[in-house]
1. Of (1) within 11 Å of ligand 2 (Cβ to nearest atom); (2) in contact with a Leu (Cβ under 9 Å, 6 or more places away or on another chain); (3) assigned to a helix (DSSP H, G or I), Ala164 satisfies all except one. Which?
2. Could you tell me whether Val171 is within 6 Å of ligand 1 (Cβ to nearest atom) and over 21 Å from Thr111 (Cα atoms)?
3. In the list Arg90, Arg113, which residue meets the criterion of being surrounded by 14 or more Cβ atoms within 10 Å (Cβ to Cβ), closer than 15 Å to Leu17 by Cα and not β-branched (Val, Ile, Thr)?
4. Note down all Cβ pairs under 6 Å where the first residue falls in segment 138-155 and is free of Cβ contacts under 8 Å to residues at least 12 places away in the same chain, the second is assigned to a helix (DSSP H, G or I) and not hydroxyl-bearing (Ser, Thr, Tyr), and they're at least six residues apart or on different chains.
5. If I ask for residues that are within 9 Å of ligand 2 (Cβ to nearest atom) and of a type outside the set (D, E, K, R), which ones from segment 121-138 would you list?
6. Looking at segment 171-196 only, could you name the residues that are loosely packed, with under 13 Cβ neighbours inside 10 Å, under 17 Å from Val22 (Cβ atoms) and of a type in the set (A, V, I, L, M, F, W, C)?
7. Do you know which of the residues in segment 119-160 that are small (Gly, Ala, Ser) and in a helix (DSSP H, G or I) is farthest from ligand 1 (Cβ to nearest atom)?
8. Residue under question is Ala168, and the condition is that it be open to solvent by less than 40 Å² (accessible area, probe 1.4 Å), of a type in the set (Gly, Ala, Ser) and either modelled with pLDDT under 95 or on the phi > 0 side of the Ramachandran plot (or both); does it hold?
Amino acid sequence: MPLRNGQHGYGVVTRSLHWLTVLLVAAQFAVGYTMETERRDPRIDCDPPGESRGGGDTSDAEEDRLDRIEERCEERRERLEEAVDAQEDRPSPLHVVLGVLLLVVALARVTWRRLTPLPPWDPRLGPDGRRLLHATEVTLLATLVAMPLSGLLLVAGADDLVAAHVAAHLVFFAALAAHLGVVLARGLLPRMLPLR
Ligand code: HEM
Ligand code: HEM
C-alpha cells in the first residue's frame with residue numbers, strides 16, 4: 001500500500017496517524033476523567049491536649065506555653081494549606097505526557113495533510129455529505145490542538161482556562177459524533193482500514 005494518499009485512497013501514513021490519534025485520545029479521556037485533581041485538606045488539629053483544662057487547673061505560664069504551641073501549629077497549617085492550594089489543578093504526569101504526544105501527532109497530521117493530496121471523495125457522498133464530513137475533520141483537528149494547548153496554559157497558571165479546556169472537549173465530542181454518523185451511515189469505514 002502506498003505511503004501517500006492518491007487515486008487509490010488513503011495511504012499508510014494517513015491511516016496510521018488516524019488510528020494512533022484515536023488510541024491516544026481514548027487513553028487521554030480515560031486518564032482525564034479518572035485522575036485525582038481534588039485538593040486534599042490537611043486535617044491538622046492545632047488544639048493542644050490539655051487546652052480544655054482551663055481556669056484553676058493550669059498556671060498562667062502553662063497557658064502561655066500552650067498558646068504559643070497552638071500559634072506555631074496554626075502558622076504551619078496555613079503554609080501547608082497554601083502549598084496544597086497551589087497544587088489544586090495539577091494533572092497527573094501521564095495526562096501531560098499523553099497531551100503533549102497528542103499535540104505533536106495533531107501537528108504532524110495537519111502538516112501531512114498539506115504535503116499529500118486528499119484522495120477522491122467516496123462516490124456515495126453527495127455535496128452535503130462532503131461538506132459535513134469535511135467540517136467534522138477540520139473541527140476534530142482544531143480541537144486536537146485546542147485541548148492540549150488549553151491544558152498546557154492551564155498548568156502554566158492561566159486558571160480561567162479550565163472552562164476553555166472543558167469546552168474544547170464538548171466541541172470535540174459533538175464533532176466526533178457527527179464524524180461517526182457520516183462515516184457509519186455511508187459505510188466509509190473500510191477507506192481508513194488496511195483493507196483496500
Ligand atoms: C488532547 C489532549 C487532552 C485531553 C483530551 C484532555 C482531557 C481532559 C479531561 C477529560 C479532563 C477532566 C475534565 C473534567 O473533569 O470535566 C481534563 C482535566 C484537566 N486537564 Fe486535560 N486533556 C488534554 C490535555 C491536557 C494537557 C496537555 C494538560 C496540561 C499540561 C492538561 C491539564 C488538565 C488539567 C489541569 C485538568 C484539571 C482541570 C480541573 O481543574 O478540573 N490537559 N483534561
Ligand atoms: C479521535 C477521533 C478522530 C479524529 C480526530 C478523526 C479525524 C479524521 C480526519 C482528520 C480525517 C480526514 C483524513 C485525515 O486527514 O487524516 C478522518 C477520516 C476518516 N475517519 Fe476519522 N477521526 C476520528 C475518529 C474516527 C473513528 C472512531 C472512526 C471510525 C469508527 C473514523 C473513521 C474515519 C474514516 C472512515 C475516514 C475517511 C473518510 C473518507 O474520506 O471517506 N474516525 N478522520
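1. Ala164 satisfies all of (1) within 11 Å of ligand 2 (Cβ to nearest atom); (2) in contact with a Leu (Cβ under 9 Å, 6 or more places away or on another chain); (3) assigned to a helix (DSSP H, G or I) except (1).
2. no
3. From the options Arg90, Arg113, the qualifying one is Arg113.
4. Leu153/Leu161
5. Trp121, Leu125, Leu133, His134, Thr136, Val138
6. Keep residues of segment 171-196 that are loosely packed, with under 13 Cβ neighbours inside 10 Å, which gives 173, 177, 180, 184-185, 187, 189-190, 193-196.
Within this subset, residues satisfying the condition of being under 17 Å from Val22 (Cβ atoms) are 173, 177, 180, 184, 189-190, 193-195.
Residues satisfying the conditions are Phe173, Ala177, Leu180, Leu184, Leu189, Leu193, Leu195.
7. The residue in question is Gly129.
8. no
The values are calculated or read from the model by the stated rules, or taken from the named source; none is laboratory data. Note that this is a predicted model, so its numbers are computed, not measured. No Cβ is skipped: glycine too gets one built from the backbone with ideal geometry, and neighbour counts run over all protein chains shown. Accessible surface areas use protein heavy atoms only, side chains included; no ligands, DNA or RNA. Shrake-Rupley method; radii C 1.70, N 1.55, O 1.52, S 1.80 Å.
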